[in-house]
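J.: Next up is a structure, given as C-alpha cells.
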Amino acid sequence: MKSLVAVQREVFDFLSIEPGMKVAIVCDNDEDGLTAAVQMRLFLEMSGCETKTFFYDHNTKIANFFSSFLRNIFDRTVFLDLNETFISDVLKEVGKNTGKCLIIDHHQELDVTNAFFDFLKIKPWDFSKVEPSHYPASKMVFDLFGGIDWICAIGVIGDFSFKEWASFLKQVRKKHSLSEKQMDDLAGITACVVAYHNDKIHDLFDFLCSAKSPTDLFASWFAESKKEFDDLLEQERQRFFREATYIEDAEIYFYETKPRLRSKLSTLLSKDIPNKTLMIYEDHGFMVGASLRRSDFKINCGEVSAFAVNGARDGRGGGHIPAAAATFRRTYLSSFKDKILLYLRTNYPLKKSAKQRGKIGGRRKKIKKK
C-alpha cells in the first residue's frame, strides 16, 4: 500500500494538467458522485481548465449524455464514483473523445474495456486501510486534491460512512457551527434532489459550485422540497413493514417501491434491519431497477447483484459488500429473484445442510410493522 502523498504524486503526474485543457467529469448522480464532481470541478477550474460535467443515471444505470459528449474532444476525462462496468459502457460510446482517463472510485475492482487512451485507477486500498465501501469518492477527491469540507461531508453522510469519518464530520460541524441535525439536513436536501427531482441535478451542481457556505443551501429553493420527500420516504418505509415479502431460509426481503425511491429507501431500511438482505426494486416500464443492502457484511451484495444479472439481456449489476444495484429487463424479474435466492442459499454460512441451502422453494411470510 502506498502513502497518500505517493498516490497524489502519481495522479498529478498522470493528469499533467495545464491551463487551457478541456476536461470532462463523468460521475454517478447520487450525493457522493455529485459532491465529488463539485470538488473536482473547482480544482480543475482553479488550475485553468475548462470543464464539462456529465451525470450517469444512478437509478436506471443509463448514460443519456452520449450525443452531448461526442460534440466535444476532451484532453482528459475524470470518472467519479462509477465502477468499471459502467465506465466501460460509456467508453464504448465516447472513448475516442475522452483523452487520458482518471478513475476515482470505491467499488470492487473490475476490468475496464473499450479504452482508447491510457487510464489510471485510484481505489481506497491504494493508500488506506478504511473499508472501501465507507471511503466515498467525495472524500477521496477531498483527500487527493483538497476540496470543500462541508460539500465533502454531504457525500460522506450520503454513503452512510459516519463511523469511519466521525472525527472529520465533527470538525466540519465545529468549523461551520452546525448541529448534527443540520448536517444531516444538508445531505437530506441533496438526496431529495438527486433521488426525486433528478431533472434539477445540474442546477444543484452549479449552485454548490458557487455556494459560499452551508447557509446558502439552507436558504435555497432546493431546501423547500425536502419535507415532502422525507414524508414520502417514511410512507414507503411503513408500507414496507406491512407488505414486504420475507423468504425465511434465505433471510431476504423483497419489496417493490415507487419510482426513484429504491436507493434511499433501501439505505434507510438497512439501518432498521442490518442483519437481513434487502432487495428493493422499482418498475421503470421496460426496465427494472433494484437495490440490494445488508449492513452486517455477512453477504457481499456486489457479488449477489453481479451473479443475479449474469446472463440477463441488458443486465447490469455490482457494487459494494453492504450495498449494490442492478438493472435488467422487466421480463427477467422472476429469474433475478430466483438467482438471488440460489446464491444466498448456496453461499450464506447458515447452519443448514447442503440440501437445505440448495433448496429452491422457501417459506414466504409478510413481516410485521415495527
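Rule-based calculations on the coordinates, nothing more; no lab input. Only a predicted model underlies this, so the values are computations on that prediction, with no experimental measurement involved. Note that we place each Cβ from the backbone using ideal geometry, even for glycine, and neighbour counts take in every protein chain shown.
J.: I'd like the trypsin sites (Lys or Arg not before Pro) in region 105-209 restricted to DSSP loop residues with at most 13 other Cβ atoms within 10 Å, sorted by number.
T.: Lys129, Lys163
J.: Oh, and also: For Glu93 and Arg329, calculate 0.36 nm times their separation in residues minus their Cα-Cα distance, and state this gained length in nm to one decimal.
T.: 82.8 nm
J.: Can you compute the charge dipole magnitude of region 4-219 about its Cα centre, using +1 on each Lys and Arg Cβ and -1 on each Asp and Glu Cβ, nothing else charged? Give it in debye, rounded to the nearest 20.
T.: With only Lys, Arg, Asp and Glu charged at Cβ, the dipole is about 380 debye.
J.: Considering only DSSP beta bridges where both residues belong to the chain, give the percentage that are antiparallel (nearest 5).
T.: 45 percent
J.: Additional query: Only Lys, Arg, Asp and Glu count, each charged at its Cβ (+1, +1, -1, -1), so figure out the dipole size of the chain about its Cα centre, rounded to 20 debye.
T.: Once rounded to the nearest 20, the dipole reads 1900 debye.
J.: Test of understanding: extend the Cα→C-beta vector of Phe218 to 7 Å, then name every residue of region 148-174 with backbone N under 15 Å from that spot.
T.: 150-151, 172-174
J.: If I build a Gaussian network model for the chain, linking alpha-carbon pairs within less than 10 angstrom, which residue out of Ile103, Ile73, Ile25 has the largest mean-square fluctuation?
T.: Ile73
J.: Going highest first, how would you order 112-118, 95-101, 263-269, 307-313 by mean Cβ packing within 10 Å?
T.: Highest-to-lowest ranking by the protection proxy: 263-269, 95-101, 307-313, 112-118.
J.: Expressed in nm to one decimal, what extension gain is obtained for the pair Gln182 and Arg242 from 0.36 nm per residue of sequence separation less their Cα-Cα distance?
T.: 18.5 nm
J.: Describe numerically, in nm with one decimal, the distance between label points set 7 Å from Cα along Cα→Cβ at Lys129 and at Asp231.
T.: Placing both labels 7 Å along Cα→Cβ, they lie 4.9 nm apart.
J.: So for region 97-179, what are the equivalent ellipsoid semi-axes in whole Å, largest first, each being the square root of 5 times an eigenvalue of the Cα gyration tensor?
T.: Sorted largest first and rounded, they come to 28, 14, 9 Å.
J.: Using the count of nearby Cβ atoms within 10 Å as a rough guide to exposure, how do Met183, Met287, Met279, Met40 rank from fewest to most?
T.: Met287, Met183, Met40, Met279
J.: Follow-up. Sticking with the crude label model, points 7 Å out along Cα→Cβ, report the distance from Ser16 to Asp111 in nm, one decimal please.
T.: Here the modelled spin labels are 2.8 nm apart.
J.: Follow-up question, since we're still on this one. Tell me, what is the percent relative contact order of the chain, built from C-alpha pairs under 8 Å that lie six or more residues apart?
T.: Computed value for the chain: 13 percent relative contact order.
J.: Nothing charged except the Cβ atoms of Lys and Arg (+1) and of Asp and Glu (-1): what's the magnitude of the dipole of region 229-366 about its Cα centre? Round to the nearest 20 debye.
T.: My answer is approximately 560 debye.
J.: With unit charges on the beta carbons (Lys and Arg positive, Asp and Glu negative) and the dipole taken about the Cα centre of region 4-219, which residue among Val23, Gly146, Phe116 sits farthest to the positive side?
T.: Highest projection toward the positive end goes to Gly146.
J.: Let me check against my output: what whole-number percent is the relative contact order of region 4-219, with C-alpha pairs under 8 Å and at least 6 apart?
T.: About 21 percent, as a whole number.
J.: On a full-extension model of 0.36 nm per residue, what is the gain between Leu70 and Asp272, subtracting their alpha-carbon distance, rounded to one decimal in nm?
T.: 68.3 nm
J.: Filter the trypsin sites (Lys or Arg not before Pro) in region 32-89 to those in DSSP coil with at most 15 other Cβ atoms within 10 Å of their Cβ, and list the result.
T.: The qualifying sites are Arg71.
J.: Which of Cys209, Phe229, Tyr246 sits farthest toward the positive end of the charge dipole of region 185-246, with +1 on the Cβ of Lys and Arg and -1 on the Cβ of Asp and Glu?
T.: Tyr246
J.: Would you report the distance distribution of C-alpha pairs in region 176-261 as whole percents per 10 angstrom bin, up to the bin with the largest distance?
T.: Percent of pairs per bin, in order: 15, 39, 25, 15, 6, 0.
J.: Let me ask something else. Can you work out D for region 4-219 in µm² s⁻¹ from Stokes-Einstein, where Rh is the Kirkwood radius over C-alpha pairs, the temperature is 25 °C and the viscosity is 0.890 mPa s?
T.: Estimated diffusion coefficient is 142 µm²/s.
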